[in-house]
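The values are calculated or read from the model by the stated rules, or taken from the named source; none is laboratory data. From a predicted model like this one, the values you see are computed outputs, not experimental measurements. Quick reminder, even Gly has a Cβ in these numbers, built from the backbone with ideal geometry, and neighbours come from all protein chains shown. Just the protein is used for accessible areas: all its heavy atoms, side chains included, with ligands, DNA and RNA removed. Shrake-Rupley method; radii C 1.70, N 1.55, O 1.52, S 1.80 Å.
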Amino acid sequence: EEEAFRLEREMEQFEAEILRYHEELQQVGVELKDFRLGLIDFYSRFEGRVVHLCWMLGEDGLAYWHDLEAGFRGRQSITPANRASFKGLEPGEKFVELA
């Protein structure tokens, strides 16, 4: 019984830590999509519309983007040809601008 209480406290601490990390990500404009996969999105602008830059744990740098409604299945490659087309949002909006 004592072990069960210890494990429960430990789980609660992990949950609180995950929530803190999630809040930190939100403050810098990152949307946590799946913590198990390490999947996150960043806002950007592409061809005049707001889109997400998409990254998953294990990927080398930002290599994908998708429309806001498309989600992970709608991911498209960021290529040398389209890379410069990703721009920041209006002042005060959270974004990532590719160089």
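Restricting attention to region 35-53, the residues that are closer than 15 Å to G88 by Cα and among the hydrophobic types (A, V, I, L, M, F, W, C) total 5. Suppose we keep only residues that are on the phi < 0 side of the Ramachandran plot and open to solvent by 70 Å² or more (accessible area, probe 1.4 Å) within region 85-99. Which one would you say is modelled with the lowest pLDDT? Among residues in region 85-99 that are on the phi < 0 side of the Ramachandran plot and open to solvent by 70 Å² or more (accessible area, probe 1.4 Å), the one modelled with the lowest pLDDT is A99. Filtering region 53-66 to residues that are over 15 Å from R83 (Cα atoms) and open to solvent by less than 60 Å² (accessible area, probe 1.4 Å) leaves M56, E59. Quickly run through region 39-52 and pick out the residues that are open to solvent by less than 70 Å² (accessible area, probe 1.4 Å), over 8 Å from the mean Cα position of the chain (by Cα) and not basic (K, R). Passing the criteria: Y43, S44, F46, G48, V50, V51, H52.
Scanning region 19-35 for residues that are among the hydrophobic types (A, V, I, L, M, F, W, C) and part of a strand (DSSP E or B) turns up V30, L32.
Let's see how each residue does on (1) in contact with a Phe, Trp or Tyr (Cβ under 7 Å, 6 or more places away or on another chain); (2) over 17 Å from W65 (Cβ atoms):
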position	(1), (2)
I18	yes, yes
E24	no, yes
G48	no, no
L53	yes, no
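A search for C-beta distances below 7 Å between a residue of region 13-27 that is within 14 Å of G38 (Cα to Cα) and any residue that is of a type in the set (F, W, Y) and surrounded by 10 or more Cβ atoms within 10 Å (Cβ to Cβ), counting only pairs 6+ apart in sequence or on different chains, returns I18/F35. The residues of region 1-38 that are closer than 25 Å to A84 by Cβ, open to solvent by less than 60 Å² (accessible area, probe 1.4 Å) and not acidic (D, E), listed by number, are G29, V30. Scanning region 48-77 for residues that are small (G, A, S) and part of a loop (DSSP other than H, G, I, E, B), we see that the one that is modelled with the lowest pLDDT is G48.
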